[in-house]
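In what follows, a single structure is set out as C-alpha coordinates and then discussed.
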Amino acid sequence: MEIEDVIEQLELKKERLLNALPEKKRLYFQKIEKYDDTRGMLLYGPRGVGKTTYLLMKAAENNFFYLSGDDPKVAAIPLFDLGEKVFLQGYNGIIIDEVHYLNKWSIHIKALYDSYPDKKIWISDSSSIILRTGIADLSRRFVKVRMPLLSFREYIHFLTNKEIMEIENPFNIEKDRFMNQIRDMDILKLFKDYASSGTRPFFLENNYVEKMENILEKTLYSDIPFFLNTIKENHLKLMKAIIGYLIYSKIPTINVERMGKEWQLSKNKLYELLNVMEEAELINIVLKEKDFKINSKGEKIFLADPSYYYIYNGEIGNFREAFTVFALKEKGKIFSSKNEQDGDFVWNGIKIEVGGKNKKIKNSDFVIRDDIDLPLKNKIPLWLLGFLW
(Lines give C-alpha, C1' and ligand atoms only; values in the text may rest on other atoms or scores of the structure.)
Protein backbone atom coordinates (compact mmCIF):
# COMPACT_ATOMS: atom_id res chain seq x y z
CA MET A 1 0.00 0.00 0.00
CA GLU A 2 1.32 3.45 -0.93
CA ILE A 3 2.09 5.96 1.84
CA GLU A 4 -0.52 8.37 0.46
CA ASP A 5 -3.20 5.69 0.77
CA VAL A 6 -2.17 4.91 4.34
CA ILE A 7 -2.26 8.60 5.26
CA GLU A 8 -5.75 8.93 3.79
CA GLN A 9 -7.00 5.92 5.77
CA LEU A 10 -5.43 7.26 8.97
CA GLU A 11 -7.07 10.63 8.37
CA LEU A 12 -10.45 8.92 8.03
CA LYS A 13 -9.82 6.96 11.22
CA LYS A 14 -8.91 10.17 13.03
CA GLU A 15 -12.20 11.77 11.94
CA ARG A 16 -14.17 8.78 13.20
CA LEU A 17 -12.35 8.95 16.53
CA LEU A 18 -13.00 12.69 16.81
CA ASN A 19 -16.72 12.12 16.23
CA ALA A 20 -16.74 9.58 19.06
CA LEU A 21 -14.97 11.74 21.64
CA PRO A 22 -16.83 12.05 24.95
CA GLU A 23 -18.55 15.34 25.69
CA LYS A 24 -17.20 15.57 29.22
CA LYS A 25 -13.49 16.26 29.65
CA ARG A 26 -11.15 15.78 32.58
CA LEU A 27 -10.32 18.81 34.69
CA TYR A 28 -6.71 17.61 34.56
CA PHE A 29 -6.56 18.55 30.88
CA GLN A 30 -6.26 22.17 32.03
CA LYS A 31 -2.95 21.36 33.73
CA ILE A 32 -1.50 19.76 30.60
CA GLU A 33 -2.45 22.62 28.30
CA LYS A 34 0.47 24.69 29.57
CA TYR A 35 2.68 22.34 27.52
CA ASP A 36 0.82 23.02 24.27
CA ASP A 37 3.72 25.05 22.88
CA THR A 38 6.21 22.25 23.58
CA ARG A 39 7.82 20.95 20.39
CA GLY A 40 8.65 17.51 21.72
CA MET A 41 6.38 15.96 24.36
CA LEU A 42 5.89 12.52 25.85
CA LEU A 43 2.46 12.19 27.46
CA TYR A 44 2.41 9.13 29.68
CA GLY A 45 0.28 7.54 32.34
CA PRO A 46 -1.78 4.42 33.03
CA ARG A 47 -4.06 2.99 30.38
CA GLY A 48 -7.58 4.38 30.23
CA VAL A 49 -6.98 7.74 31.92
CA GLY A 50 -7.77 9.92 28.89
CA LYS A 51 -4.44 10.39 27.08
CA THR A 52 -5.89 9.53 23.67
CA THR A 53 -8.89 11.80 24.22
CA TYR A 54 -6.60 14.72 25.06
CA LEU A 55 -4.31 14.08 22.09
CA LEU A 56 -7.18 13.82 19.63
CA MET A 57 -8.62 17.10 20.91
CA LYS A 58 -5.26 18.79 20.41
CA ALA A 59 -4.82 17.20 16.98
CA ALA A 60 -8.08 18.78 15.86
CA GLU A 61 -7.26 22.18 17.39
CA ASN A 62 -3.70 22.45 16.04
CA ASN A 63 -3.81 20.69 12.66
CA PHE A 64 -1.77 17.71 13.91
CA PHE A 65 -1.71 14.35 12.19
CA TYR A 66 -2.69 11.53 14.55
CA LEU A 67 -1.81 7.85 14.45
CA SER A 68 -1.65 4.98 16.91
CA GLY A 69 1.46 2.82 16.98
CA ASP A 70 -0.55 -0.38 17.27
CA ASP A 71 -2.40 0.27 13.99
CA PRO A 72 -1.38 -2.54 11.58
CA LYS A 73 -1.52 -0.15 8.63
CA VAL A 74 1.56 1.64 10.00
CA ALA A 75 3.69 -1.42 10.68
CA ALA A 76 5.06 -1.84 7.13
CA ILE A 77 6.00 1.82 6.59
CA PRO A 78 9.15 3.45 8.04
CA LEU A 79 8.01 6.06 10.54
CA PHE A 80 10.38 8.69 9.16
CA ASP A 81 8.96 8.33 5.64
CA LEU A 82 5.41 8.59 6.95
CA GLY A 83 6.20 11.61 9.12
CA GLU A 84 8.04 13.36 6.30
CA LYS A 85 5.12 12.91 3.93
CA VAL A 86 2.71 14.19 6.63
CA PHE A 87 4.78 17.33 7.21
CA LEU A 88 5.06 18.01 3.48
CA GLN A 89 1.27 17.91 3.29
CA GLY A 90 1.14 20.91 5.63
CA TYR A 91 0.44 19.44 9.05
CA ASN A 92 1.83 21.46 11.96
CA GLY A 93 2.83 18.37 13.88
CA ILE A 94 2.37 14.67 14.36
CA ILE A 95 0.98 12.76 17.35
CA ILE A 96 2.00 9.14 17.77
CA ASP A 97 -0.08 7.30 20.36
CA GLU A 98 1.35 4.13 21.97
CA VAL A 99 4.68 4.75 20.32
CA HIS A 100 6.42 1.68 21.75
CA TYR A 101 4.62 -0.57 19.25
CA LEU A 102 6.57 0.93 16.33
CA ASN A 103 9.82 -0.62 15.15
CA LYS A 104 12.92 1.54 15.85
CA TRP A 105 10.60 4.37 16.87
CA SER A 106 13.23 6.40 18.73
CA ILE A 107 15.62 6.56 15.77
CA HIS A 108 12.89 7.71 13.39
CA ILE A 109 11.48 10.27 15.82
CA LYS A 110 14.92 11.78 16.50
CA ALA A 111 15.48 12.09 12.74
CA LEU A 112 12.09 13.77 12.25
CA TYR A 113 12.66 16.08 15.20
CA ASP A 114 16.04 17.21 13.87
CA SER A 115 14.97 17.41 10.22
CA TYR A 116 11.82 19.51 10.78
CA PRO A 117 12.60 22.07 13.50
CA ASP A 118 9.38 23.99 12.80
CA LYS A 119 7.15 20.94 13.42
CA LYS A 120 5.89 19.51 16.70
CA ILE A 121 6.16 15.84 17.60
CA TRP A 122 4.12 14.51 20.50
CA ILE A 123 4.25 10.89 21.55
CA SER A 124 2.37 8.95 24.20
CA ASP A 125 2.84 5.78 26.14
CA SER A 126 1.92 4.06 29.37
CA SER A 127 5.26 4.73 31.08
CA SER A 128 8.05 7.30 31.11
CA ILE A 129 10.51 4.41 30.93
CA ILE A 130 9.88 4.39 27.18
CA LEU A 131 12.31 7.30 26.69
CA ARG A 132 15.02 5.61 28.73
CA THR A 133 14.69 2.46 26.64
CA GLY A 134 14.95 4.57 23.49
CA ILE A 135 18.02 6.77 23.17
CA ALA A 136 19.52 9.32 25.54
CA ASP A 137 19.42 12.14 22.97
CA LEU A 138 15.64 11.82 22.70
CA SER A 139 15.08 12.06 26.45
CA ARG A 140 16.85 15.44 26.42
CA ARG A 141 14.66 16.75 23.61
CA PHE A 142 11.26 15.64 24.93
CA VAL A 143 9.36 17.02 27.91
CA LYS A 144 7.72 14.28 29.97
CA VAL A 145 4.15 15.03 31.03
CA ARG A 146 2.22 12.59 33.20
CA MET A 147 -1.56 12.10 33.33
CA PRO A 148 -2.61 10.38 36.57
CA LEU A 149 -5.73 8.41 37.38
CA LEU A 150 -9.00 10.26 37.82
CA SER A 151 -9.27 12.09 41.14
CA PHE A 152 -12.36 12.07 43.34
CA ARG A 153 -12.71 15.78 42.56
CA GLU A 154 -12.80 15.02 38.83
CA TYR A 155 -15.23 12.16 39.39
CA ILE A 156 -17.68 14.55 41.07
CA HIS A 157 -17.20 17.01 38.22
CA PHE A 158 -18.13 14.32 35.68
CA LEU A 159 -21.33 13.54 37.60
CA THR A 160 -22.43 17.03 38.63
CA ASN A 161 -20.51 19.55 36.47
CA LYS A 162 -19.39 21.20 39.72
CA GLU A 163 -15.76 22.34 39.83
CA ILE A 164 -14.85 22.07 43.49
CA MET A 165 -11.69 23.80 44.69
CA GLU A 166 -8.43 21.89 44.47
CA ILE A 167 -6.53 21.23 47.69
CA GLU A 168 -2.77 21.61 47.88
CA ASN A 169 -2.38 20.21 51.40
CA PRO A 170 -5.18 18.08 52.93
CA PHE A 171 -3.83 18.77 56.42
CA ASN A 172 -4.19 22.53 56.04
CA ILE A 173 -7.31 23.54 54.09
CA GLU A 174 -9.68 26.49 53.95
CA LYS A 175 -12.24 24.40 55.77
CA ASP A 176 -15.28 26.72 55.66
CA ARG A 177 -14.87 27.53 51.97
CA PHE A 178 -14.27 23.92 51.00
CA MET A 179 -17.09 22.41 53.06
CA ASN A 180 -19.51 24.98 51.69
CA GLN A 181 -18.82 23.69 48.16
CA ILE A 182 -19.75 20.10 49.05
CA ARG A 183 -22.52 20.93 51.53
CA ASP A 184 -25.39 19.28 49.65
CA MET A 185 -23.49 16.14 48.58
CA ASP A 186 -23.70 12.64 50.03
CA ILE A 187 -19.93 12.60 50.09
CA LEU A 188 -19.49 9.14 51.64
CA LYS A 189 -21.79 7.51 49.07
CA LEU A 190 -20.00 9.32 46.24
CA PHE A 191 -16.62 8.25 47.56
CA LYS A 192 -17.61 4.59 47.84
CA ASP A 193 -18.84 4.66 44.26
CA TYR A 194 -15.66 6.37 43.10
CA ALA A 195 -13.40 4.00 45.04
CA SER A 196 -15.04 0.91 43.58
CA SER A 197 -15.68 2.05 40.02
CA GLY A 198 -14.52 5.57 39.23
CA THR A 199 -10.76 5.95 38.95
CA ARG A 200 -10.85 6.14 35.12
CA PRO A 201 -13.11 8.28 32.91
CA PHE A 202 -14.78 5.29 31.26
CA PHE A 203 -16.77 4.73 34.46
CA LEU A 204 -19.50 6.63 32.57
CA GLU A 205 -19.71 3.73 30.13
CA ASN A 206 -20.76 0.14 30.74
CA ASN A 207 -18.63 -2.85 31.78
CA TYR A 208 -16.24 -1.01 34.12
CA VAL A 209 -15.02 -4.21 35.77
CA GLU A 210 -14.37 -5.98 32.48
CA LYS A 211 -12.48 -2.96 31.14
CA MET A 212 -10.35 -2.78 34.28
CA GLU A 213 -9.54 -6.48 33.97
CA ASN A 214 -8.56 -5.92 30.33
CA ILE A 215 -6.29 -3.02 31.31
CA LEU A 216 -4.52 -5.20 33.85
CA GLU A 217 -4.04 -7.98 31.30
CA LYS A 218 -2.84 -5.66 28.54
CA THR A 219 -0.41 -3.84 30.81
CA LEU A 220 1.09 -7.12 31.99
CA TYR A 221 1.19 -9.04 28.74
CA SER A 222 1.44 -6.31 26.11
CA ASP A 223 3.21 -3.28 27.63
CA ILE A 224 5.66 -4.63 30.19
CA PRO A 225 7.52 -6.97 27.77
CA PHE A 226 8.67 -3.89 25.83
CA PHE A 227 10.44 -2.55 28.92
CA LEU A 228 12.48 -5.67 29.76
CA ASN A 229 15.60 -6.97 28.06
CA THR A 230 14.49 -10.55 28.55
CA ILE A 231 11.01 -11.79 29.37
CA LYS A 232 9.68 -15.30 29.81
CA GLU A 233 6.19 -16.62 30.34
CA ASN A 234 7.21 -17.49 33.89
CA HIS A 235 7.96 -13.79 34.57
CA LEU A 236 4.52 -12.71 33.37
CA LYS A 237 2.79 -15.33 35.50
CA LEU A 238 4.83 -14.24 38.51
CA MET A 239 3.83 -10.60 38.08
CA LYS A 240 0.19 -11.61 37.90
CA ALA A 241 0.69 -13.69 41.05
CA ILE A 242 2.21 -10.65 42.80
CA ILE A 243 -0.86 -8.59 41.93
CA GLY A 244 -3.15 -11.29 43.30
CA TYR A 245 -1.13 -11.66 46.49
CA LEU A 246 -1.13 -7.91 47.16
CA ILE A 247 -4.91 -7.71 46.70
CA TYR A 248 -5.73 -10.33 49.33
CA SER A 249 -2.82 -10.32 51.78
CA LYS A 250 -3.29 -8.51 55.09
CA ILE A 251 0.42 -7.64 54.94
CA PRO A 252 1.10 -5.36 51.92
CA THR A 253 4.49 -6.71 50.91
CA ILE A 254 6.16 -9.81 49.47
CA ASN A 255 8.96 -12.09 50.60
CA VAL A 256 11.55 -11.69 47.83
CA GLU A 257 13.71 -14.63 48.84
CA ARG A 258 10.83 -17.08 49.22
CA MET A 259 9.09 -15.93 46.04
CA GLY A 260 12.35 -16.11 44.10
CA LYS A 261 12.90 -19.71 45.16
CA GLU A 262 9.30 -20.67 44.42
CA TRP A 263 9.45 -19.20 40.91
CA GLN A 264 13.11 -20.08 40.30
CA LEU A 265 14.21 -16.47 39.82
CA SER A 266 17.23 -14.57 41.09
CA LYS A 267 16.66 -11.72 43.51
CA ASN A 268 17.96 -9.25 40.92
CA LYS A 269 15.43 -10.44 38.34
CA LEU A 270 12.58 -10.18 40.84
CA TYR A 271 13.65 -6.64 41.78
CA GLU A 272 13.76 -5.80 38.06
CA LEU A 273 10.20 -7.07 37.61
CA LEU A 274 9.00 -5.05 40.61
CA ASN A 275 10.69 -1.93 39.24
CA VAL A 276 9.04 -2.30 35.84
CA MET A 277 5.65 -2.97 37.47
CA GLU A 278 6.04 0.32 39.32
CA GLU A 279 7.14 2.16 36.16
CA ALA A 280 4.05 0.83 34.37
CA GLU A 281 1.96 2.12 37.32
CA LEU A 282 0.68 -1.26 38.37
CA ILE A 283 2.12 -0.95 41.87
CA ASN A 284 3.43 1.70 44.27
CA ILE A 285 6.50 0.72 46.27
CA VAL A 286 6.75 2.70 49.51
CA LEU A 287 10.28 3.00 50.87
CA LYS A 288 11.41 3.83 54.36
CA GLU A 289 13.01 7.23 54.72
CA LYS A 290 16.66 7.25 53.63
CA ASP A 291 16.36 3.87 51.93
CA PHE A 292 18.87 4.38 49.13
CA LYS A 293 19.41 0.74 48.18
CA ILE A 294 19.49 0.10 44.41
CA ASN A 295 17.45 -3.07 44.83
CA SER A 296 14.58 -2.69 47.28
CA LYS A 297 11.03 -3.95 47.59
CA GLY A 298 10.42 -1.12 50.01
CA GLU A 299 8.55 -1.45 53.27
CA LYS A 300 5.09 -1.73 51.70
CA ILE A 301 3.75 -2.44 48.22
CA PHE A 302 0.28 -1.39 47.05
CA LEU A 303 -1.66 -1.56 43.83
CA ALA A 304 -1.31 1.79 42.09
CA ASP A 305 -5.04 1.86 41.25
CA PRO A 306 -6.86 1.40 44.58
CA SER A 307 -10.13 0.44 42.88
CA TYR A 308 -8.71 -3.02 42.14
CA TYR A 309 -9.09 -3.87 45.85
CA TYR A 310 -12.85 -3.38 45.46
CA ILE A 311 -13.11 -4.99 42.03
CA TYR A 312 -11.53 -8.20 43.33
CA ASN A 313 -13.03 -8.01 46.85
CA GLY A 314 -9.59 -7.53 48.36
CA GLU A 315 -8.31 -6.45 51.75
CA ILE A 316 -10.09 -3.19 52.70
CA GLY A 317 -7.29 -2.13 55.05
CA ASN A 318 -4.87 -2.23 52.15
CA PHE A 319 -7.29 -0.18 50.06
CA ARG A 320 -7.18 2.61 52.65
CA GLU A 321 -3.39 2.72 52.72
CA ALA A 322 -3.17 2.26 48.95
CA PHE A 323 -5.51 5.22 48.41
CA THR A 324 -3.47 7.35 50.81
CA VAL A 325 -0.26 6.56 48.92
CA PHE A 326 -1.94 6.97 45.52
CA ALA A 327 -3.21 10.44 46.41
CA LEU A 328 -0.38 11.92 48.47
CA LYS A 329 2.40 10.88 46.09
CA GLU A 330 0.93 13.32 43.55
CA LYS A 331 1.82 16.20 45.89
CA GLY A 332 5.05 15.13 47.54
CA LYS A 333 7.25 12.31 48.79
CA ILE A 334 5.64 9.63 50.94
CA PHE A 335 7.60 7.12 52.99
CA SER A 336 6.79 4.31 55.35
CA SER A 337 7.24 5.24 59.00
CA LYS A 338 10.33 3.82 60.71
CA ASN A 339 8.46 3.39 63.99
CA GLU A 340 5.00 1.81 64.00
CA GLN A 341 3.92 3.97 66.95
CA ASP A 342 4.63 7.10 64.90
CA GLY A 343 2.06 6.08 62.29
CA ASP A 344 1.96 4.35 58.95
CA PHE A 345 3.52 7.00 56.70
CA VAL A 346 5.51 10.20 56.61
CA TRP A 347 4.50 12.73 53.94
CA ASN A 348 6.44 15.98 53.57
CA GLY A 349 7.54 15.59 57.20
CA ILE A 350 4.00 14.93 58.52
CA LYS A 351 3.41 11.67 60.41
CA ILE A 352 0.19 9.92 59.36
CA GLU A 353 -1.85 6.99 60.68
CA VAL A 354 -4.48 5.41 58.38
CA GLY A 355 -7.50 3.25 59.20
CA GLY A 356 -11.26 2.93 59.72
CA LYS A 357 -13.57 5.43 61.41
CA ASN A 358 -12.38 4.53 64.93
CA LYS A 359 -8.64 4.41 64.17
CA LYS A 360 -6.46 5.82 66.97
CA ILE A 361 -3.92 8.52 66.18
CA LYS A 362 -0.98 6.90 68.07
CA ASN A 363 2.00 9.30 68.01
CA SER A 364 1.26 10.62 64.54
CA ASP A 365 0.38 14.19 63.63
CA PHE A 366 -2.83 13.23 61.84
CA VAL A 367 -5.04 10.19 61.53
CA ILE A 368 -6.76 9.55 58.19
CA ARG A 369 -10.07 7.76 58.75
CA ASP A 370 -12.30 6.03 56.28
CA ASP A 371 -16.09 6.33 56.67
CA ILE A 372 -16.14 9.74 58.39
CA ASP A 373 -17.80 12.67 56.65
CA LEU A 374 -16.08 15.72 58.17
CA PRO A 375 -12.51 16.79 58.99
CA LEU A 376 -12.12 17.59 62.69
CA LYS A 377 -8.87 18.93 64.16
CA ASN A 378 -6.25 16.26 63.38
CA LYS A 379 -8.75 13.70 62.09
CA ILE A 380 -8.93 13.72 58.28
CA PRO A 381 -11.51 11.86 56.14
CA LEU A 382 -9.94 9.54 53.59
CA TRP A 383 -12.11 10.99 50.82
CA LEU A 384 -10.55 14.44 51.34
CA LEU A 385 -7.33 13.16 49.72
CA GLY A 386 -9.28 12.86 46.49
CA PHE A 387 -9.25 16.63 45.94
CA LEU A 388 -5.52 17.10 45.37
CA TRP A 389 -5.91 17.45 41.56
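Observations on the structure shown:
- With all protein chains modelled, accessible area of residue 359 [1.4 Å, Å²]: 70 Å²
- Both the radius of gyration and Dmax for region 268-389 are 14.4, 46 Å, in that order, over alpha-carbon atoms.
- Modelled label positions at residue 186 and residue 34, each set 7 Å beyond Cα in the direction of Cβ, lie 3.8 nm from each other.
- Value of [θ]222 nm, deg cm²/dmol, for the chain, DSSP H segments ≥ 4, -39500 (n - 2.57) each, nearest 500: -12000 deg cm²/dmol
- Solvent-accessible area per residue in region 64-105 equals 38 Å², computed with a 1.4 angstrom probe and all protein chains kept.
- Sequence ranges 334-341, 345-352, 261-268, ranked by mean other-Cβ count within 10 angstrom, highest first: 345-352, 334-341, 261-268
- Where both bridge residues fall in region 342-389, DSSP classifies roughly 35% of the beta bridges as antiparallel.
- Rounded, prolate or oblate (a/c below 1.5 giving rounded, otherwise prolate when a/b exceeds b/c) for region 191-305 by Cα gyration tensor: prolate
- Nonpolar atom fraction for the chain, defined as the carbon and sulfur part of the 1.4 Å probe accessible area, stands at 47 percent.
- With each label modelled as a point 7 angstrom along the Cα→C-beta vector, the residue 2-residue 213 pair spans 4.7 nm.
- Alpha-carbon centroid distance for the pair region 194-265 / region 17-63, whole angstrom: 26 Å
- Taking the DSSP bridge list for the chain and keeping only pairs wholly inside it, about 30 percent are antiparallel.
- The stretch between residue 174 and residue 70, if pulled fully straight at 0.36 nm per residue, gains 32.8 nm over its current Cα-Cα span.
- FRET efficiency, 1/(1 + (r/R0)^6) with R0 41 Å, evaluated for residue 137 and residue 263 via beta carbons: 0.65
The values are calculated or read from the model by the stated rules, or taken from the named source; none is laboratory data. Remember, predicted model here, so these are calculated numbers, not experimental data. With ideal geometry, Cβ positions are generated from the backbone for all residues, glycine too; neighbour counts draw on all protein chains shown. Side chains are part of the model used for accessible areas, which takes the heavy atoms of the whole protein and leaves out ligands, DNA and RNA. Shrake-Rupley method; radii C 1.70, N 1.55, O 1.52, S 1.80 Å.
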